[in-house]
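We did not get these values from a lab; they are worked out from the coordinates using the rules stated. From a predicted model like this one, the values you see are computed outputs, not experimental measurements. Reconstructed Cβ throughout: ideal geometry from the backbone, glycine too, with neighbour counts over all protein chains shown.
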Amino acid sequence: MNSRILRTETAAHLQLYYARDIGRWRLRLGGGPSYFTVSQEVVTGILLDEQFPYDTATFRSATTARGKESAPGFNVGADVGRLFTRRLRAAAMVRFARGSVDFNVDGTHRVSTDAGGVQAGAGIRIAF
């Protein structure tokens, strides 16, 4: 088994929120641009064993190259929190982000992949 990491994805999100307080609860809806960087192993060639009468082929190996590219995208999300004290709030959030990254590996192979997805989190916020 190959122990190398085949894909990594990092993203930065800028979000603008609309916030609405409802008693001790705060609801925030927002979105904005995202910027994705994806590093991924891409198959650049396949070697096969063929013999006459050429009606079957046996896979022998594949060659790969690492591609690393960046691209812009977008994000939308919602956040809900409950105020316990003037400075302490518990909150949960969900965000969907998407971008499309095009790899040009070794100048001859062009591959496109989607980046992003659904993200969720929860935690405690402390105001200073």
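Return the long-range amide H neighbours of Ala115 (sequence gap of 5 or more, or a different chain), with a cut-off of under 5 Å between placed amide H atoms.
Gly99, Ser100, Val101
To the nearest 0.05, what FRET efficiency results for Asp102 and Phe59 with a Förster distance of 35 Å applied to their C-beta separation?
It comes out at approximately 0.80.
May I ask you to compute the full-extension gain from Trp25 to Phe84, defined as 0.36 nm times their residue separation minus their alpha-carbon distance, rounded to one decimal in nm?
Residue separation times 0.36 nm, minus the Cα-Cα distance, leaves 20.3 nm.
If you put +1 on each Lys and Arg Cβ and -1 on each Asp and Glu Cβ, how big is the dipole of the chain around its Cα centre, in Debye rounded to 20?
Dipole magnitude for the chain comes out near 1440 debye.
Could you give the nm distance between label points at Ala12 and Val111, where each point is 7 Å from its Cα heading toward the beta carbon?
Computed distance between label sites Ala12 and Val111 equals 2.6 nm.
Just order 16-24, 49-57, 63-71 by mean Cβ neighbour count inside 10 Å, highest at the front, would you?
63-71, 16-24, 49-57
In a shell of Cβ-Cβ distance under 14 Å around Glu69, excluding Glu69 itself, what net charge do Lys and Arg (+1) and Asp and Glu (-1) give?
The answer is -1.
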